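Peer 1: Here it is, the structure, as structure tokens.
No value in this document is a laboratory result; all are computed from the given coordinates. Predicted model only: the values in this text are computed from it and were never measured. FYI the Cβ positions are ideal-geometry reconstructions off the backbone, even for glycines, and counts take in every protein chain you see.
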Amino acid sequence: MLTKRIIPCLDIRNRKVTKGVRFQNNIDLGDPIEMAVSYSKGGADELVFYDITASAERRPIDIDMVREIGKVVHIPFAVGGGLRTLDDMYNVLDAGAEKVSVNSLAVEDPDIIGEMARVLGCQNVVLGMDPVRTDAITSCPSGYEITTRGFRTRTGMDALEWAKRAADLGAGEIVVNSVDADGTQDGFELTLTKLISTSVGVPVVASGGAGNPQHLIDVFQLAHADAAIVASMTHTGRYTIAQIKEELDAAGVPVRKTW
């Protein structure tokens, strides 16, 4: 049986790890390099780094920071934010990242997913999506709408249909980052995560809302996610990755043991 992955997410702004609630009221939490090393040594299965203002500011990702991270961590990591061209993506992989994540760019130009898969390999291509619950059932039958640019733009695109299309185009993994749950620590968005995980043939990563180990147990057992992103609950030191994995193991969730 495949093990479930725990992936700390480091949202980075001005070279500081930052965290907000529903993409607002961010506060700085620490140095990304130091936190990356701590997670790498502490049992995380992977890491993900988002340069959260790069796309909105239409600037390239901080490649020097990616290179610094690549030198000090010993687990796979993905990078997103400010990636506009295949050259940008090559540079990120060359700097040490295992995967590249696209979000707003893919919505603007879906064909880029196929180009990335063809040139970089599907296994290196991650689609990030920021869905929000909506009453616009006519245009979004699933009840969830895709947003872009850090929840700044609503697209009218149905989240489930977009996930299916992205997988067909060549995305090797899909991160479902619920805008409604982001930063709340009240639990993952189980309904949409299950809709997507049972409808696409690629791994699905749940993101947004993790506050305690039970939330991860729920998203793995009830929504069938392949991996879960954590941030606030571990960034603050309230839980360690080892503590989370011990509780998952006790609940019968298969994990890579690090204790």
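Peer 1: Compute the distance from the alpha-carbon center of region 192-259 to that of region 117-136, in whole Å.
Peer 2: If we compute the Cα centre of each part, the gap is 19 Å.
Peer 1: How large is the translational diffusion coefficient of region 151-246 in µm² per second when you combine the Kirkwood radius over alpha carbon pairs with Stokes-Einstein at 10 °C and 1.306 mPa s?
Peer 2: The estimated diffusion coefficient comes to 115 µm²/s.
Peer 1: Then there is this: Size of the dipole of region 104-259 about the Cα centre, Lys and Arg at +1 and Asp and Glu at -1 on the beta carbon, nothing else charged, in debye to 20?
Peer 2: Dipole magnitude for region 104-259 comes out near 280 debye.
Peer 1: Within region 5-250, what is the number of lysine pairs with alpha carbons under 28 Å apart, leaving out pairs fewer than eight places apart on the same chain?
Peer 2: 19
Peer 1: Restricting things to alpha carbons, find the Rg to Rh ratio for region 5-250 using the Kirkwood radius for Rh.
Peer 2: Using only Cα positions, Rg/Rh for region 5-250 is 0.93.
Peer 1: To continue, here is another question. Could you size up the charge dipole of region 5-250 around its Cα centre, putting +1 on the beta carbon of Lys and Arg and -1 on that of Asp and Glu, and report it in debye to the nearest 20?
Peer 2: Numbers: 23 positive and 35 negative charges, 59 e Å.
Using Cβ point charges on Lys, Arg, Asp and Glu, region 5-250 gives about 280 debye.
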